[in-house]
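The values are calculated or read from the model by the stated rules, or taken from the named source; none is laboratory data. Fair warning: this is a prediction, and the values are worked out from it, not measured in the lab. Using ideal geometry, Cβ is built from the backbone for each residue, glycine included, and neighbour counts are taken over all protein chains shown.
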RNA sequence: GGGAAGUUCGUAUAGUGGUCAAUUACGGGAGACUGUAAAUCUCUUGCUUCGGCUUCGGUGGUUCGAAUCCAUCACUUCCCA
């Protein structure tokens with residue numbers, strides 16, 4: 001084991017659990033959240049700064065606030081950033097805790113995706129835009145050199161697939177060699193009705209804490225509202241309200257529904273990960289913090305004992 | 001007190017005698033996804049031992065046949081008092 005991972009649907013209590021466990025183990029947290037990477041996107045993305053102070057002591061959390069809102073980011077970049085931090089922490093003899101809800105990012109790390117840096121190719125994109133989805137699908141199928149399984153639900157996805165294949169053909173395939181990850185995965189979840197209740201309460205809190213102002217500040221600072229809308233959930237609905245395209249009540253109700261749907265989709269992803277062989281140790285989000293931490297420590301200690309004879313380097 | 005309209009599968013709607021287990025939207029559920037992933041996309045949604053079974057406010061009628069027609073009861077909304 002060289003990485004502890006904490007995943008789970010939104011509003012389940014991952015963050016504070018990760019912070020407590022990190023505090024207990026004397027290690028750092030590495031965020032796996034595609035929205036918390038952006039500076040200024042705090043309330044809406046759930047950057048609960050208070051969660052990272054345990055018993056008055058701060059817990060270090062990486063890969064938060066590393067970009068300006070509106071900048072492009074993706075799995076490839078995440079994986080690279082993750083391993084930069086991961087390597088440092090390992091070099092210091094510690095086992096980091098990756099915590100977040102972005103299934104794709106977590107999976108890229110845990111299952112060692114072999115991604116290459118493929119820049120956008122505007123000319124190719126413009127040219128491919130003239131083809132139908134069917135034609136693009138055929139084109140991609142005839143090119144398949146990668147082992148991945150890019151879906152072709154939309155032209156956008158199919159075009160990106162072709163773009164990647166084209167790049168690989170034109171360039172020598174240089175796959176970054178990331179260290180092998182041997183993860184111990186915990187999942188925090190709640191029964192659906194409780195999950196929904198938590199989402200409702202958290203939404204009310206965020207609105208009370210100035211989420212609308214956060215959106216206005218972002219817009220005022222020059223972030224394109226369309227970019228914010230693309231960020232989804234809080235950023236989408238609150239921005240729509242802020243620019244006058246939705247009433248306050250509509251925004252609140254539709255956002256609540258969208259977050260519930262998102263939580264459901266997250267679970268779909270985690271179930272899929274399990275089906276593909278990732279063992280997830282599920283923890284009931286309703287348990288008191290001490291119980292959660294104790295449960296995690298028991299499993300960690302068990303693993304350290306059983307693997308100590310072959311790996312003495314795994315220290316917590 | 002009088003008059004008008006309405007009551008459909010979680011919600012909102014469509015359906016005005018057979019082609020209706022019943023339209024559409026939302027919500028719910030399941031799923032896809034290795035490149036913007038909080039995104040994007042798909043399927044499903046009365047019950048079923050898959051032969052059927054029970055549904056369209058309640059009851060009773062008309063009819064070979066009713067969500068659809070009639071009577072009546074209940075409730076809701078609106079208008080005049």
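Limited to region A:26-48, what total is found for residues that are away from RNA strand B (no atom under 14 Å from the Cβ) and touching a strand residue (DSSP E or B) at 6+ places or on another chain (Cβ under 9 Å)?
Of the residues in that region, 4 qualify.
Within region A:14-24, track down each residue that is over 15 Å from the mean Cα position of the chain (by Cα) and crowded, with 19+ Cβ neighbours inside 10 Å.
Correct list: A:17, A:19, A:20, A:21, A:22.
Would you mention how many residues in region A:178-201 are assigned to a helix (DSSP H, G or I) and touching a residue at least 12 places away in the same chain (Cβ under 8 Å)?
Residues flagged as assigned to a helix (DSSP H, G or I) and touching a residue at least 12 places away in the same chain (Cβ under 8 Å) within region A:178-201 amount to 6.
Residue-by-condition table, conditions (1) surrounded by fewer than 20 Cβ atoms within 10 Å (Cβ to Cβ); (2) modelled with pLDDT of 95 or more; (3) over 20 Å from residue A:209 (Cα atoms):
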| position | (1), (2), (3) |
| --- | --- |
| A:38 | no, no, no |
| A:51 | yes, no, no |
| A:58 | yes, no, yes |
| A:65 | yes, no, no |
| A:75 | yes, no, yes |
| A:84 | yes, no, yes |
| A:92 | yes, no, yes |
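Give A:168, A:229 a once-over and let me know the one that is assigned to a helix (DSSP H, G or I), within 12 Å of RNA strand B (Cβ to nearest atom) and more than 24 Å from residue A:35 (Cα to Cα).
A:168
Quick check: is even one residue across region A:90-102 within 11 Å of residue A:33 (Cα to Cα), outside any loop (DSSP other than H, G, I, E, B) and either in contact (Cβ under 8 Å) with a residue 24 or more places away in the chain or in the same structural domain as residue A:263 (by TED's automatic domain parsing) (or both)?
So far as region A:90-102 goes, yes, one or more of its residues are within 11 Å of residue A:33 (Cα to Cα), outside any loop (DSSP other than H, G, I, E, B) and either in contact (Cβ under 8 Å) with a residue 24 or more places away in the chain or in the same structural domain as residue A:263 (by TED's automatic domain parsing) (or both).
To keep it simple, each residue is scored yes or no on (1) near RNA strand B (Cβ under 9 Å from one of its atoms); (2) modelled with pLDDT of 90 or more; (3) in a helix (DSSP H, G or I).
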residue: A:238; (1), (2), (3): no, yes, yes
residue: A:268; (1), (2), (3): yes, yes, yes
residue: A:274; (1), (2), (3): no, yes, yes
residue: A:281; (1), (2), (3): no, yes, no
residue: A:295; (1), (2), (3): no, yes, yes
residue: A:316; (1), (2), (3): no, no, no
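Out of all the residues in region A:240-253, which are more than 14 Å from residue A:200 (Cβ to Cβ) and within 12 Å of RNA strand B (Cβ to nearest atom)?
A:250
Just wondering, is there one or more residues in region A:13-21 that are on the phi < 0 side of the Ramachandran plot and either free of Cβ contacts under 8 Å to residues at least 40 places away in the same chain or not in a helix (DSSP H, G or I) (or both)?
No: region A:13-21 contains no residue that is on the phi < 0 side of the Ramachandran plot and either free of Cβ contacts under 8 Å to residues at least 40 places away in the same chain or not in a helix (DSSP H, G or I) (or both).
Taking the criterion of being part of a helix (DSSP H, G or I), under 18 Å from the mean Cα position of the chain (by Cα) and over 30 Å from residue A:184 (Cβ atoms), would at least one residue in region A:254-262 satisfy it?
For region A:254-262, residues part of a helix (DSSP H, G or I), under 18 Å from the mean Cα position of the chain (by Cα) and over 30 Å from residue A:184 (Cβ atoms): present.
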